[in-house]
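Participant: Structure in structure tokens, see below.
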Amino acid sequence: MQRLLTPMVFLSLLLSGAIFGFFYAWVCSTMWGLDTLDPNTAIAAMNAMNISVRNGVFMPAFFGTPIVLIATGVIAFLGGQKRVALLIAGGGIVYVIGAFVPTANVNVPMNIALEAFSDPLPLAEAQAIWDEYSPRWQFWNTARTIVSGVTLLMVGFALYALPRRA
């Protein structure tokens, strides 16, 4: 069990970093860029990105992160590394509650609703739709980014807490 723990902590770190980086990129560039566009273009671009994100590169980071974190926490606990187990499993719980659940219950439903607007709309109507969509979507994305960052920090602390060999 102990030999499996270190690679699992590194895998936890990798996946936590990947999902944090994904959400962070939306915070600091993607949405701000879309907000500068004509609203019809922003809606079309967001719809295209939401369709393209359903892929085999994103899915392991989004769905695999909580699974790997919880599995790593169990391995740490069974190996007698209670502090590591608490940090890793805690990070998994934090991620599920603060990033996974909001994504499934807020961001994804908002994305699905936005898909109804695939044809160009009159400018005022498109602007009203985008003005309602973007700030709320960004609020929840910022929240899940912060939570994913906390998860990443918890995994980093767990890595630091692993016993060192002399």
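Participant: Is it true that Arg144 is basic (Lys, Arg) and within 17 Å of Trp26 (Cβ to Cβ)?
Facilitator: yes
Participant: Any idea which of Phe100, Phe117, Phe157 is surrounded by 12 or more Cβ atoms within 10 Å (Cβ to Cβ), touching a residue at least 24 places away in the same chain (Cβ under 8 Å) and not in a helix (DSSP H, G or I)? Walk me through it before giving the result.
Facilitator: Details: Phe100 fails: not in a helix (DSSP H, G or I); Phe157 fails: not in a helix (DSSP H, G or I).
Step by step, each of Phe100, Phe117, Phe157 is checked, and only Phe117 is surrounded by 12 or more Cβ atoms within 10 Å (Cβ to Cβ), touching a residue at least 24 places away in the same chain (Cβ under 8 Å) and not in a helix (DSSP H, G or I).
Participant: One residue is enough: does the range 12-25 have a residue meeting the conditions over 15 Å from the mean Cα position of the chain (by Cα), crowded, with 17+ Cβ neighbours inside 10 Å and at pLDDT 95 or above? Can you show your working first?
Facilitator: The initial filter retains those residues of the range 12-25 that are over 15 Å from the mean Cα position of the chain (by Cα), namely none.
No: the range 12-25 contains no residue that is over 15 Å from the mean Cα position of the chain (by Cα), crowded, with 17+ Cβ neighbours inside 10 Å and at pLDDT 95 or above.
Participant: Quick one: is Arg136 on the phi < 0 side of the Ramachandran plot, of a type in the set (D, E, K, R), touching a residue at least 24 places away in the same chain (Cβ under 8 Å) and crowded, with 16+ Cβ neighbours inside 10 Å?
Facilitator: Working: on the phi < 0 side of the Ramachandran plot: yes; of a type in the set (D, E, K, R): yes; touching a residue at least 24 places away in the same chain (Cβ under 8 Å): yes; crowded, with 16+ Cβ neighbours inside 10 Å: no.
Spelling it out, it is not the case that Arg136 is on the phi < 0 side of the Ramachandran plot, of a type in the set (D, E, K, R), touching a residue at least 24 places away in the same chain (Cβ under 8 Å) and crowded, with 16+ Cβ neighbours inside 10 Å.
Participant: So Asp38 fits all but one of (1) touching a residue at least 40 places away in the same chain (Cβ under 8 Å); (2) surrounded by 16 or more Cβ atoms within 10 Å (Cβ to Cβ); what number is the exception?
Facilitator: Failing condition for Asp38: (2).
Participant: For Thr145, indicate whether it is farther than 27 Å from Phe77 by Cα, assigned to a helix (DSSP H, G or I) and under 18 Å from the mean Cα position of the chain (by Cα).
Facilitator: yes
Participant: Of all residues in the range 41-66, count the ones that are over 28 Å from Pro122 (Cβ atoms) and either surrounded by fewer than 16 Cβ atoms within 10 Å (Cβ to Cβ) or out of contact with any Ser or Thr (no Cβ under 8 Å at 6 or more places or on another chain) (or both). Quick ask: steps written out before the conclusion?
Facilitator: Taking the range 41-66 as the starting set, the residues that turn out to be over 28 Å from Pro122 (Cβ atoms) are 53-66.
Still in the running and either surrounded by fewer than 16 Cβ atoms within 10 Å (Cβ to Cβ) or out of contact with any Ser or Thr (no Cβ under 8 Å at 6 or more places or on another chain) (or both): 53-61, 63-64, 66.
Within the range 41-66, residues that are over 28 Å from Pro122 (Cβ atoms) and either surrounded by fewer than 16 Cβ atoms within 10 Å (Cβ to Cβ) or out of contact with any Ser or Thr (no Cβ under 8 Å at 6 or more places or on another chain) (or both) number 12.
For (1) in contact with a Phe, Trp or Tyr (Cβ under 9 Å, 6 or more places away or on another chain); (2) at pLDDT 95 or above; (3) of a type in the set (S, T, N, Q), each residue gets a yes or a no:
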{"site": "Leu69", "(1), (2), (3)": "yes, yes, no"}
{"site": "Thr72", "(1), (2), (3)": "no, yes, yes"}
{"site": "Ile75", "(1), (2), (3)": "no, yes, no"}
{"site": "Ala85", "(1), (2), (3)": "yes, yes, no"}
{"site": "Val101", "(1), (2), (3)": "no, yes, no"}
{"site": "Met110", "(1), (2), (3)": "yes, yes, no"}
{"site": "Pro122", "(1), (2), (3)": "no, yes, no"}
{"site": "Ala126", "(1), (2), (3)": "yes, yes, no"}
{"site": "Glu132", "(1), (2), (3)": "no, yes, no"}
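Participant: Let me ask another. All but one of (1) at pLDDT below 95; (2) hydroxyl-bearing (Ser, Thr, Tyr); (3) closer than 22 Å to Ser29 by Cβ hold for Ser118; state the number of the condition that does not hold.
Facilitator: Ser118 satisfies all of (1) at pLDDT below 95; (2) hydroxyl-bearing (Ser, Thr, Tyr); (3) closer than 22 Å to Ser29 by Cβ except (3).
The values are calculated or read from the model by the stated rules, or taken from the named source; none is laboratory data. Keep in mind that what you see is a predicted model, and the values were worked out from it rather than measured. Note that we place each Cβ from the backbone using ideal geometry, even for glycine, and neighbour counts take in every protein chain shown.
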